[in-house]
1. Considering only residues that are outside any helix (DSSP H, G or I) and either touching a helix residue (DSSP H, G or I) at 6+ places or on another chain (Cβ under 8 Å) or open to solvent by less than 20 Å² (accessible area, probe 1.4 Å) (or both), which ones fall in segment 89-118?
2. Considering each of V225, V178 in turn, give the residue that is over 26 Å from A42 (Cα atoms) and either in contact with a strand residue (DSSP E or B) (Cβ under 9 Å, 6 or more places away or on another chain) or open to solvent by 20 Å² or more (accessible area, probe 1.4 Å) (or both).
3. Is there any pair with a first residue in segment 197-211 that is within 18 Å of R26 (Cα to Cα) and a second that is of a type in the set (S, T, Y) and open to solvent by less than 60 Å² (accessible area, probe 1.4 Å) whose Cβ atoms are under 6 Å apart and which are 6 or more apart or on different chains, and what are they?
4. For segment 155-171, which residues satisfy the criterion of being open to solvent by 10 Å² or more (accessible area, probe 1.4 Å) and out of contact with any Pro (no Cβ under 7 Å at 6 or more places or on another chain)?
5. Mind checking whether some residue in segment 213-234 is modelled with pLDDT of 95 or more, in a loop (DSSP other than H, G, I, E, B) and over 24 Å from S158 (Cβ atoms)?
6. Could you tell me whether segment 112-121 includes any residue that is within 22 Å of G67 (Cβ to Cβ) and in contact with a Leu (Cβ under 8 Å, 6 or more places away or on another chain)?
Amino acid sequence: MRIFDMHCHLDFADDAQRAAREAAARGIGCFSVTVTPQDYEAAVCELEPCENVRVGLGLHPWWVADGLCGEDDIALFERLAASTAFIGEVGLDFGARRSGTEDAQVVAFERVLSACAAGGKVLSVHAVKAEDAVLDLLERHALPEGNACILHWFSGSSDQLQRAVALGCFFSVGPRMVASKRGREYAKAIPLDRLLLETDAPPQPGSAIPYGEIETLLVSALEAVELLRGEGSAARIAQTSERLLGGRIEGRLGAV
């Protein structure tokens, strides 16, 4: 693989396996996250033959907030987490549309983190208007020690970014992030060995994926990063992505 999409939703495609094959033909490796444990089970079955794809076990905060994922779903997540190294999409969203659901989200996310406490996991984490709460919980559960915690499309403050860097987090950035002035500043500030690419595509279930357009999104984000960081960025980003998708995780406590 020559380039990696470290946060996408292949199971939202109208034909996920075809999308994965088209990605492979273009040299694209994928970390395909899901939003519920049931979606994960279905995606694993469909995408297991695709060597360029790793499927993440998800419990998305929107689904928790909306009541679509309850106790049974959280318990299923906990059981499935024991058998996979790839977790996502998980996290917290304290935006206005989910006001009043913060406590339920935190309870669910704490159980997600507890299920990952043994280490060796790659997590793609959603944090919207909840960056401090996410970082507090990651720190409390010592998740960056022996796991790779990837903050997807980070939108917090500069101080929160520096805190996340100090904790050892990774960051996946896409073309919409690097299109903004703050996003470009963040792409320059993130240590290069913790910088990854993403598309967050497709946007909804049943979507058709024109993979040429996905490739264009990834390449445009990579070109923006190279303009900011200089030559050699692409190779380092690919190397980090390949290492994580291969399950080689280096935490503060050493390789796990």
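1. Step one: of segment 89-118, the residues outside any helix (DSSP H, G or I) are 89-95, 99-101, 116-118.
Scanning segment 89-118 gives E89, V90, G91, L92, D93, F94, G95, T101, C116.
2. V225
3. E198/S172
4. First, the residues of segment 155-171 that are open to solvent by 10 Å² or more (accessible area, probe 1.4 Å): 155, 157-160, 162-163, 165-168, 170.
Scanning segment 155-171 gives S155, S157, S158, D159, Q160, Q162, R163, A166, F170.
5. Looking through segment 213-234, none of the residues is modelled with pLDDT of 95 or more, in a loop (DSSP other than H, G, I, E, B) and over 24 Å from S158 (Cβ atoms).
6. Taking every residue of segment 112-121 in turn, at least one turns out to be within 22 Å of G67 (Cβ to Cβ) and in contact with a Leu (Cβ under 8 Å, 6 or more places away or on another chain).
The values are calculated or read from the model by the stated rules, or taken from the named source; none is laboratory data. Keep in mind the model is a prediction, meaning the values are calculated, not measured. In this analysis, Cβ positions are derived from the backbone assuming ideal geometry, glycine residues included, and neighbour counts consider all displayed protein chains. What goes into the accessible areas is simple: the full protein's heavy atoms, side chains included, and nothing from ligands, DNA or RNA. Shrake-Rupley method; radii C 1.70, N 1.55, O 1.52, S 1.80 Å.
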